[in-house]
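The values are calculated or read from the model by the stated rules, or taken from the named source; none is laboratory data. Since this is a predicted model, take the numbers as computed values, not measurements. No Cβ is skipped: glycine too gets one built from the backbone with ideal geometry, and neighbour counts run over all protein chains shown. Only protein heavy atoms, including side chains, enter the accessible area calculation; ligands, DNA and RNA are left aside. Shrake-Rupley method; radii C 1.70, N 1.55, O 1.52, S 1.80 Å.
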Amino acid sequence: MLVVDDVGKRYGSGADATVALDGVSFTVAAGATLAVVGESGAGKSTLGRLIAGFELPTSGRVLVDGAPPRLRSGAPSVTQAVFQHPSEALSPLASIGASVGEPLARRPRKERKRRVAELLELVGIDARRAGERPSAFSGGQLQRISLARALAGEPRLLLCDEPTSALDVSVQAQIVNLLLDAQAQSGFACLLVTHDLAIVRSLADEVLVLRGGRVVEHRDADDFFASPAADYSRELLAASV
Amino acid sequence: MSGETALALHDVRVTRGCGDGRLELVHGIDLAVAAGAVCGVVGETGAGKTLTMRAVLGLLPRGLESSGAIELGGQRVDLATPAIARRALLGRELALVPQNPAAMLDPVVRVGDQLVEGVVRRRMSTPAEARSRALELLSQVGFRDPERIVRLHPHQLSGGMSQRVGIAMALVPRPRVLIVDEPTSALDAHLRIEILSLIRTIARAERTAVVLVSHDLGLVARFCDTVAVLYAGTIVESGPAAAVIERPRHPYAVALRAVAPRLTATRRARLTTIPGVPPTPDSIGAGCPFAPRCPRVEPLCRELRPALAGPPQQPAACHVVNRAARSRAPRSTGEAHAGRR
């Protein structure tokens with residue numbers, strides 16, 4: 001579903017250039033989740049931006065569902081995203097129903113309304129509240145709503161950038177369960193970017209450790225947690241509480 | 001962790017509004033922190049952790065009022081007095097490391113000048129003394145070249161660097177109590193560990209009492225000596241951190257521990273969740289605020305608000321667990337009492 005092939009990304013040119021990613025390769029199959037971990041500056045966010053199609057790689061290629069990611073107005077992308085701060089992902093002026101229904105703009109009105117209600121119920125939000133604005137909801141509820149919005153686009157690939165870091169522990173567990181259920185139902189591939197290894201444990205099939213733009217380790221999640229191969233991975237594990 | 005109490009809270013309350021519209025947000029917090037010890041205050045969003053600490057600091061937002069008292073190194077301070085009257089304590093006896101220290105730094109003043117400004121203006125030390133204290137603290141918080149750091153402006157610092165500068169700044173006046181609010185929620189895991197280790201080391205060395213406000217149980221388990229668990233504006237359980245985290249008594253503390261994602265979990269297994277949502281201040285009835293979500297709820301819980309009770313080293317505000325504890329081991333609890341006296 002997602003192919004990242006020898007991808008490099010460089011900002012600036014000549015001696016001042018910053019290499020954000022260097023020779024990164026991996027694939028994620030439909031229905032599977034790959035977690036990308038690493039500290040700030042490791043290149044996690046850059047990788048996310050390349051896969052979403054916000055930027056182009058300097059070298060190598062990114063393929064989502066067999067084609068380079070493209071942003072087209074009017075049609076929902078095959079890649080949808082859930083970010084750390086849901087309040088920034090939803091328009092404060094639009095009702096949550098309108099935000100969730102936006103990717104369905106081409107559908108008949110009645111069908112759109114029905115689908116929005118379905119999606120809200122799926123993420124555990126009372127569909128009767130579809131007319132309310134984001135300010136009426138808590139952080140955990142907003143994260144559910146932004147997931148509903150991502151699912152409305154029927155993504156083949158879901159990018160989750162720190163989806164739980166801004167949430168309380170009890171709410172984190174709800175979002176983790178929701179992601180597991182949604183993936184089991186829709187079969188999208190998932191790329192999870194986070195520094196929280198406990199969340200990785202709960203969600204990921206494979207773990208990829210990035211450091212300074214390079215892949216330090218890429219393994220099955222069970223193997224990674226049982227015996228991390230790289231020194232750096234062991235450091236990351238030791239730093240997790 | 002032994003030693004004199006550096007900070008004690010007595011029946012600290014925070015209210016909003018007046019007359020019929022009066023609403024209590026924090027319902028009488030009692031807490032003691034020993035000099036050199038780290039006390040964790042854990043709870044979820046809206047539990048009242050930050051409000052309680054802001055009441056202590058005299059930094060409540062407009063429209064909120066505090067009552068109760070604090071004891072700060074033997075000095076009793078009434079929290080019902082206007083906060084402005086207590087302002088002298090702030091930055092001298094009490095210091096705060098806010099959630100986002102970068103926002104606290106003045107963008108147009110060099111780091112070094114900001115570090116010493118407070119103590120010099122209050123004539124707590126001479127500029128030269130303050131400067132050497134600041135340099136020493138900067139190297140303690142992990143800067144290898146403090147002389148260079150003091151000449152920088154805040155925009156030249158990374159997130160982790162501003163966090164460390166914020167800690168150094170709070171410590172310059174040698175406060176009796178350091179309040180650290182949701183430290184490092186924006187930081188990488190390893191940086192977070194580094195910064196908290198640092199705070200703990202400095203606290204031990206300088207006999208500073210630290211209150212660590214956090215929603216992260218793992219963090220609290222790792223760095224705190226004692227912990228208080230807050231729910232809906234009350235302490236539901238308190239005691240030694242290891243006991244409260246590993247062998248929690250109150251059903252809410254038990255649930256919090258159960259829902260936390262763990263490294264030892266099975267891959268892609270669903271996590272336990274707490275049903276329902278925390279109550280809003282206006283929806284709390286007469287009974288236990290956790291009753292609507294509690295797996296062990298009984299009719300009494302919905303009628304009578306439980307008080308902190310049970311073993312004095314680990315009291316919990318729960319009718320059910322306290323009754324169970326009493327019936328299970330009345331004698332041994334009595335002996336524990338006797339032993340303490």
In segment B:12-58, residue surrounded by the fewest Cβ atoms within 10 Å (Cβ to Cβ) [restricted to those that are in contact with a helix residue (DSSP H, G or I) (Cβ under 7 Å, 6 or more places away or on another chain) and assigned to a loop (DSSP other than H, G, I, E, B)]
B:T45
In segment B:59-98, what residues are of a type in the set (K, R) and not in a loop (DSSP other than H, G, I, E, B)?
B:R76, B:R86, B:R87
Single unsatisfied condition, A:R149 versus (1) surrounded by 19 or more Cβ atoms within 10 Å (Cβ to Cβ); (2) within 13 Å of chain B (Cβ to nearest Cβ); (3) in a helix (DSSP H, G or I)
(2)
List pairs: first in segment A:225-236 and within 11 Å of chain B (Cβ to nearest Cβ) and hydroxyl-bearing (S, T, Y), second open to solvent by 60 Å² or more (accessible area, probe 1.4 Å) and not in a helix (DSSP H, G or I), Cβ under 7 Å, 6+ apart or cross-chain?
A:Y232/A:R211
Does A:A35 count as within 14 Å of chain B (Cβ to nearest Cβ), surrounded by 18 or more Cβ atoms within 10 Å (Cβ to Cβ) and in contact (Cβ under 8 Å) with a residue 24 or more places away in the chain?
yes
For segment A:201-224, what are the residues that are within 9 Å of chain B (Cβ to nearest Cβ) and among the hydrophobic types (A, V, I, L, M, F, W, C)?
A:L203, A:A204, A:A221
For segment B:59-70, which positions are among the hydrophobic types (A, V, I, L, M, F, W, C) and open to solvent by 10 Å² or more (accessible area, probe 1.4 Å)?
B:L59, B:L60, B:L64
Which ones in segment B:269-304 are open to solvent by 80 Å² or more (accessible area, probe 1.4 Å), part of a loop (DSSP other than H, G, I, E, B) and more than 12 Å from chain A (Cβ to nearest Cβ)?
B:P295, B:R296, B:L304
Which number in (1) of a type in the set (G, A, S); (2) more than 20 Å from B:K49 (Cα to Cα); (3) buried (at least 19 other Cβ atoms within 10 Å of the Cβ) marks the one condition that B:A170 misses?
(2)
In this structure, is B:P312 part of a loop (DSSP other than H, G, I, E, B), touching a residue at least 12 places away in the same chain (Cβ under 8 Å) and buried (at least 18 other Cβ atoms within 10 Å of the Cβ)?
no
Of all residues being within 25 Å of B:P279 (Cβ to Cβ), at pLDDT 95 or above and in contact with a helix residue (DSSP H, G or I) (Cβ under 7 Å, 6 or more places away or on another chain) in segment B:217-229, which is nearest to the other protein chains (Cβ to nearest Cβ)? Just the residue, please.
B:V229
What single numbered condition from (1) exposed (fewer than 12 other Cβ atoms within 10 Å of the Cβ); (2) of a type in the set (A, V, I, L, M); (3) in contact with a Lys or Arg (Cβ under 6 Å, 6 or more places away or on another chain) fails to hold for B:V116?
(1)
Test of understanding: among A:E217, A:E206, A:E235, which residue is touching a Leu at 6+ places or on another chain (Cβ under 8 Å), open to solvent by 20 Å² or more (accessible area, probe 1.4 Å) and over 25 Å from A:G140 (Cβ atoms)?
A:E206
